[in-house]
Amino acid sequence: QVQLVESGGGLLQAGGSLRLSCAASGRIFRSYAMGWFRQAPGKEREFVATINWSGVNTYYADSVKGRFTISRDNAKNTMYLQMNSLKPEDTAVYYCAARILATIGTMTSEYDYWGQGTQVTVSS
């Protein structure tokens, strides 16, 4: 069974940077596509970024393009989300997810495993 654990969330001011990590169990991680999603209070969970099994292909939501960077280190079974120029509207619980298929995906229904989430709060 695959387990995902996010870390790195916190409270910071607008314009700051934060790096989230997602540690995955099992060697099968290498063949899975991965994604980051976020959910703000009163809103539905939304897509943030995704990365294919090898890390060659990535895709971002329009709201974070140019500010966020998704990456993975398969040797460490870990995925990252580097967040720069953070805005108050980025405030949300951030979740990492894994899908059994190797290609990128943007919908929650496409993912098979989810982490517990980590809170990111950006003040003005």
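List of remarks:
- Of all accessible heavy-atom area on the chain, the percent that carbon and sulfur account for (1.4 Å): 49 percent
- Rg and Dmax of the stretch 68-124, based on Cα coordinates, read 13.0, 39 Å.
- Taking the centroid of alpha carbons for each part, the stretch 13-37 and the stretch 59-89 are 8 Å apart.
- Estimated inter-spin distance, residue 46 and residue 19, nm [label 7 Å along Cα→Cβ]: 2.6 nm
- Remark: the chain carries 51 Å² of accessible area per residue (probe radius 1.4 Å; ligands, DNA and RNA excluded).
- Solvent-accessible surface (1.4 angstrom probe) belonging to residue 103, in square angstrom, nearest 10: 90 Å²
- Placing a pseudo-label 7 Å from each Cα along the Cα-to-Cβ vector at residue 108 and residue 31 gives an inter-label distance of 2.8 nm.
- Those lysines that a straight Cα-Cα span of less than 18 Å connects to residue 87, excepting residues fewer than 8 apart in one chain: 43, 65
- In the frame of its principal axes, the chain has Cα extents of 41, 27, 23 Å, reported largest first.
The values are calculated or read from the model by the stated rules, or taken from the named source; none is laboratory data. A quick note: this is a predicted structure, and the numbers were derived from the prediction, not measured. All Cβ positions, even for glycine, are placed from backbone atoms using ideal geometry, and neighbour counts span all protein chains on display. The accessibility values were calculated without ligands, DNA or RNA, using every heavy atom of the protein model including side chains. Shrake-Rupley method; radii C 1.70, N 1.55, O 1.52, S 1.80 Å.
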